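Notes to accompany the following structure.
The values are calculated or read from the model by the stated rules, or taken from the named source; none is laboratory data. Fair warning: this is a prediction, and the values are worked out from it, not measured in the lab. Ideal geometry is used to build each Cβ from the backbone, glycine not excepted, and the neighbour counts take in all protein chains shown.
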Amino acid sequence: MAIDHERVANPLSVTVVGAGILGLWQALTLSRQGHRVRLVEKSATPFAESASRYAGAMLAPGCESENTPEVRDLGPRGLALWREVYPHLVNGGSLVVAAPRDYPELSRFAKATAPPETLDANGLAALEPDLGGRFQSAFFFPDEAHMVTPDALEFLLDAVRLSGAVVELGAAWTSPSAADVIIDCRGMSASRDLPVLRGVRGERLLIRSEDVHLSRPVRLLHPRHPLYVVPWGGGRYVVGATVIESEDAGGMTVRSALDLLGAAYTLHPAFGEAEIVDAGAGVRPAFPDNLPHVEIRDGGGRIFVNGAFRHGFLLAPVLAEAVAGYLANQTPHSLIVPA
Ligand SMILES: Cc1cc2nc3c(=O)[nH]c(=O)nc-3n(C[C@H](O)[C@H](O)[C@H](O)COP(=O)(O)OP(=O)(O)OC[C@H]3O[C@@H](n4cnc5c(N)ncnc54)[C@H](O)[C@@H]3O)c2cc1C
């Protein structure tokens, strides 16, 4: 289904609450289908209070199936929908490497993810010359993609406006409105209404190096601190991310900075001279199964979309399609759970 071309026969009045990645995709998809959409966000500065601003943001269903096997099946649809909507997606695939002392991690990862391609040192050097001679082998997931997070969020917010939806910033939603349907995408702020929702802290650094040139995300496996480096262009790299069972949204700890920077240095020693541009932490909303859910309440008048954990960017379009299908009385989607 091409989501932006099928307009509904009976448009509804829809309020989407929260302009993180889930709310943006809900608003865009439903507005393009002809529903009358209002997107309300409590922060006056877009994304300032969202977890989404801290994302990598990789679309990596193969790599992420290591811990959440379901994303292997759900993720390709997310990738396809991003490719329809976002022209600046970087479609270069992802690489996975390990330092020689951590080679057992490569076999464990391969068992869990069944990588489509294994590269030797020459194959790796052909894809990423700066890693040539540094690792004896690598896994390559050619169909994965990534984006520059702030650019993608701004693009989607503009696209929501251009679709005809009304965007209200600095507007904290508190109570039911006159809309036919409220789609609640408040992330961690919805935890009082979703008692099983928990927060998983993720810290990440933004660094700049003129000496390292990578063109696709590289994951460095490690028994305790698996890391990824995501190129954002202009010498910028996101180095992430910790996964800590905590709802503390405070600044990055020294321990986490040491872990992330140590791993970046292992990936390439020239990162030792990189400039630290930004350090931050977001709290990922997660359900016990670490999969996002759509929960329908009040006979369809209130729809919660939440729990995206590590997969908010990958699965936001899939969740939007699931809700659009529900509103159009289509077949139930596997991500829609009973209240
Ligand atoms: C370090 C890190 C790296 C990550 N990397 C990736 C990645 O590579 N790929 C990937 O797919 N995912 C990644 N994720 C996960 C992804 O970022 C999350 O799953 C996603 O951000 C969750 O989005 P959300 O829209 O549910 O919540 P949020 O982004 O938190 O958005 C919720 C919004 O609701 C607003 N709000 C709250 N209450 C109200 C109210 N009463 N009225 C109006 N607005 C309200 C908030 O201000 C906020 O803007 C990463 C996360 C982190 C922390």
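Only one of these is within 14 Å of the ligand (Cβ to nearest atom), touching a residue at least 60 places away in the same chain (Cβ under 8 Å) and charged (D, E, K, R): R77, R32. Name it.
Being within 14 Å of the ligand (Cβ to nearest atom), touching a residue at least 60 places away in the same chain (Cβ under 8 Å) and charged (D, E, K, R) holds for just one of R77, R32, which is R77.
Kindly indicate whether any position in the stretch 17-29 is surrounded by fewer than 17 Cβ atoms within 10 Å (Cβ to Cβ), more than 16 Å from the chain's Cα centre (by Cα) and more than 9 Å from the ligand (Cβ to nearest atom). Within the stretch 17-29, not a single residue is surrounded by fewer than 17 Cβ atoms within 10 Å (Cβ to Cβ), more than 16 Å from the chain's Cα centre (by Cα) and more than 9 Å from the ligand (Cβ to nearest atom).
Evaluate the following for E273: is it under 21 Å from V148 (Cα atoms) and of a type in the set (D, E)?
no
Evaluate the stretch 252-259: report whether one residue or more is modelled with pLDDT of 95 or more, within 11 Å of the ligand (Cβ to nearest atom) and of a type in the set (A, V, I, L, M). Checking the stretch 252-259: at least one residue is modelled with pLDDT of 95 or more, within 11 Å of the ligand (Cβ to nearest atom) and of a type in the set (A, V, I, L, M).
Out of S107, S65, S52, report the one residue that is of a type in the set (S, T, Y), under 30 Å from F140 (Cα atoms) and near the ligand (Cβ under 10 Å from one of its atoms). Steps first, answer last, please.
On the way: S107 fails: near the ligand (Cβ under 10 Å from one of its atoms); S65 fails: near the ligand (Cβ under 10 Å from one of its atoms).
Selected residue: S52, the only one of S107, S65, S52 that is of a type in the set (S, T, Y), under 30 Å from F140 (Cα atoms) and near the ligand (Cβ under 10 Å from one of its atoms).
Which one of E6, E66 is surrounded by fewer than 17 Cβ atoms within 10 Å (Cβ to Cβ) and touching a residue at least 24 places away in the same chain (Cβ under 8 Å)? None of the other options fit; the residue is E6. Number of residues in the stretch 290-317 that are more than 7 Å from the ligand (Cβ to nearest atom), more than 12 Å from the chain's Cα centre (by Cα) and in contact (Cβ under 8 Å) with a residue 60 or more places away in the chain equals 9. Being of a type outside the set (A, V, I, L, M, F, W, C) and under 26 Å from the mean Cα position of the chain (by Cα) is the filter; apply it to the stretch 111-141 and report the residue that is surrounded by the fewest Cβ atoms within 10 Å (Cβ to Cβ). Among those residues, the one meeting the criterion is K111. I need the full set of residues from the stretch 262-280 which are touching a Phe, Trp or Tyr at 6+ places or on another chain (Cβ under 7 Å) and either in contact (Cβ under 8 Å) with a residue 60 or more places away in the chain or outside the structural domain of L205 (by TED's automatic domain parsing) (or both), in order please. Within the stretch 262-280, F271, G280 meet the criteria. When restricted to residues that are buried (at least 20 other Cβ atoms within 10 Å of the Cβ) and either touching a Ser or Thr at 6+ places or on another chain (Cβ under 9 Å) or outside any strand (DSSP E or B) (or both), the stretch 284-305 contains 2.
Checked against the criterion of being out of contact with any His (no Cβ under 8 Å at 6 or more places or on another chain), under 21 Å from L24 (Cβ atoms) and surrounded by fewer than 16 Cβ atoms within 10 Å (Cβ to Cβ), the candidates R101, R83, R108 yield just one match: R83. Considered as a group, the residues in the stretch 146-185 that are among the β-branched types (V, I, T) and modelled with pLDDT of 95 or more include one that is nearest to L327 (Cα to Cα), and that residue is V181.
Selection over the stretch 167-217 of residues that are farther than 21 Å from F313 by Cβ and away from the ligand (no atom under 14 Å from the Cβ) gives a count of 11.
Would you mind stating whether A171 is on the phi < 0 side of the Ramachandran plot, out of contact with any helix residue (DSSP H, G or I) (no Cβ under 9 Å at 6 or more places or on another chain) and not in a helix (DSSP H, G or I)? In short, yes.
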